[in-house]
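Here you go, one structure.
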Amino acid sequence: MRHRIAVVGSGPAGLTFARVLHRHGYPVAVLERDPAPDARPPGGTLDLREGLGQLALDKAGLLAEFQALSRPEGQAMRILDVDGTVLRDWRPRPDEQANPEIDRGQLRDLLLGPLDVRWGQSVTQVVPGTRDGALVHFADGREEAFDLVVGADGAWSRIRPAVSSVTPHYTGVTSVEASLDDVDTRHPDLARLVGDGSVAVYGVNRALVAQRNSGGHVKVYVQFRAPLDWRTNLDLADVEAARSSLLALFDGWAGPVLDLLRRSTAFVHRPLYVLPVSHTWAHVFGVTLLGDAAHLMPPLGAGANLAMLEGAELAESIATGPGDLDEIVRAFEERMWARAGRWAKITTAGLDRLVSPDPSEALALFDQVQPS
């Protein structure tokens, strides 16, 4: 008899988990609070790494489709000094497939494929250890029991409290996201500045990064160290006020760099939270976590990759591995904790160097990761 399995959340972790189970003919309930796939903007672009995100897609049978959609040229990275001087200009080889980019929306649609997601199913909590299994409580008052509930519902997971009392804490670094649309036609100078991939500028305790997405869309990220309440008297919905406040943070930087802010729209505040570097929990029968729900870390290219690989590995173990379901989950958690802990240390140290009192630390980090 097949186990009753539910995954909460339709992000990269949850969908990869469900898609690998589906590939093996194994039923799974995908529970998502959003009413539809396009209910919210999907976000920017992701680089999927060999041995991590790309391996997960291979396990799902989707690697060839990913390669057709991805942008290997998006791996390019240009670093400028605050005066506009080009410090580094790295471009991938034509055959470079280590970290090709794909838009989050494209990845979501690729993973969704034939999956039957239960949209508009808002989960409020999970109670493990009931007579019928782990009991899922929905916002509309319904309850449903499963043999295994997988929490893949992100930083502010509603499933995490079933296994851990730990909550995310603020890193001291805040981020504001903005957008440029139809950049090649409307802003050709900025299109050239950004290039095929990303351009980054690092100053004292602040950074400005612009990253090309598909379809002429560019995401602009402003990062700086500030108290969590820095925007108490600032309404980011007031675009002109938000732009003026952000420009003041970068006073004296080169004009073309500041144009990334001057011409951007739709400012969104995204303070950076993390879980403790070595977040683990005492195993709970019938409940586990994936991705940000398990190991929220700074957004430096590892989180989504780890989440997808975790989802693929757990699903593959359930669908093909012999043995007791609970023992499969226990063994998975041990592997996940060890790998995630290593990456959490790397990304935490990386954030400290990228948004640093000494901007040369960011350049040194780039040279370590991507030597010329």
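The values are calculated or read from the model by the stated rules, or taken from the named source; none is laboratory data. Here the structure is a predicted model, which is why all the values come from computation and not from measurement. In this analysis, Cβ positions are derived from the backbone assuming ideal geometry, glycine residues included, and neighbour counts consider all displayed protein chains. Note: accessible area is taken over every heavy atom of the protein model, side chains too, but ligands, DNA and RNA are not part of it. Shrake-Rupley method; radii C 1.70, N 1.55, O 1.52, S 1.80 Å.
For residue 39, which of the numbered conditions (1) among the aliphatic types (A, V, I, L, M); (2) out of contact with any strand residue (DSSP E or B) (no Cβ under 6 Å at 6 or more places or on another chain); (3) surrounded by 13 or more Cβ atoms within 10 Å (Cβ to Cβ); (4) closer than 28 Å to residue 149 by Cβ fails to hold?
(3)
Just to be sure before I move on: is residue 184 without any contact (Cβ under 8 Å) to a residue 60 or more places away in the chain, charged (D, E, K, R) and in a loop (DSSP other than H, G, I, E, B) in the structure I sent?
Considered against the rule, which asks whether it is without any contact (Cβ under 8 Å) to a residue 60 or more places away in the chain, charged (D, E, K, R) and in a loop (DSSP other than H, G, I, E, B), residue 184 comes out as no.
Results for (1) open to solvent by 20 Å² or more (accessible area, probe 1.4 Å); (2) under 23 Å from the mean Cα position of the chain (by Cα), shown as yes or no for each residue.
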site	(1), (2)
192	yes, no
197	no, yes
209	yes, yes
224	no, yes
228	yes, yes
240	yes, no
243	yes, no
265	yes, yes
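Here are some residues: 73, 144, 50. Which one is at pLDDT below 95, outside any helix (DSSP H, G or I) and open to solvent by 50 Å² or more (accessible area, probe 1.4 Å)?
After applying the criteria, what remains is 50.
Go through (1) surrounded by 17 or more Cβ atoms within 10 Å (Cβ to Cβ); (2) within 26 Å of residue 19 (Cβ to Cβ) and name the single condition residue 78 misses.
(2) is the only condition that residue 78 fails.
Which residues, taken from the range 4-29, are over 15 Å from residue 110 (Cβ atoms) and surrounded by 15 or more Cβ atoms within 10 Å (Cβ to Cβ)?
4, 5, 6, 7, 8, 9, 21, 26, 28, 29
Could you please give the count of residues in the range 203-217 that are assigned to a strand (DSSP E or B), under 29 Å from residue 106 (Cβ atoms) and touching a residue at least 40 places away in the same chain (Cβ under 8 Å)?
So the answer is 5.
Tell me which residues, restricted to the range 337-362, are surrounded by fewer than 18 Cβ atoms within 10 Å (Cβ to Cβ) and farther than 20 Å from residue 51 by Cα.
The answer is 348, 349, 352, 357, 358, 360, 361.
Now for a different question. Please go through the range 11-60 and pick out each residue that is more than 24 Å from residue 215 (Cα to Cα) and among the hydroxyl-bearing types (Ser, Thr, Tyr).
Once the filter is applied, which keeps residues that are more than 24 Å from residue 215 (Cα to Cα) and among the hydroxyl-bearing types (Ser, Thr, Tyr), the range 11-60 yields 16, 26.
Among the residues of the range 315-357, write down those that are without any contact (Cβ under 8 Å) to a residue 12 or more places away in the chain and within 30 Å of residue 203 (Cβ to Cβ).
342, 349, 352
Would you mind stating whether residue 293 is of a type in the set (Gly, Ala, Ser), open to solvent by 10 Å² or more (accessible area, probe 1.4 Å) and touching a strand residue (DSSP E or B) at 6+ places or on another chain (Cβ under 7 Å)?
When the stated conditions are applied, residue 293 does not pass them.
Follow-up question, since we're still on this one. What is the residue count in the range 245-263 for residues that are surrounded by fewer than 19 Cβ atoms within 10 Å (Cβ to Cβ) and within 24 Å of the chain's Cα centre (by Cα)?
The qualifying residues number 0.
Here's something else I'd like to know. Identify the residue in the range 265-297 that is of a type in the set (Ser, Thr, Tyr) and at pLDDT below 95 and, among all such residues, is nearest to residue 153 (Cα to Cα).
My answer is 278.
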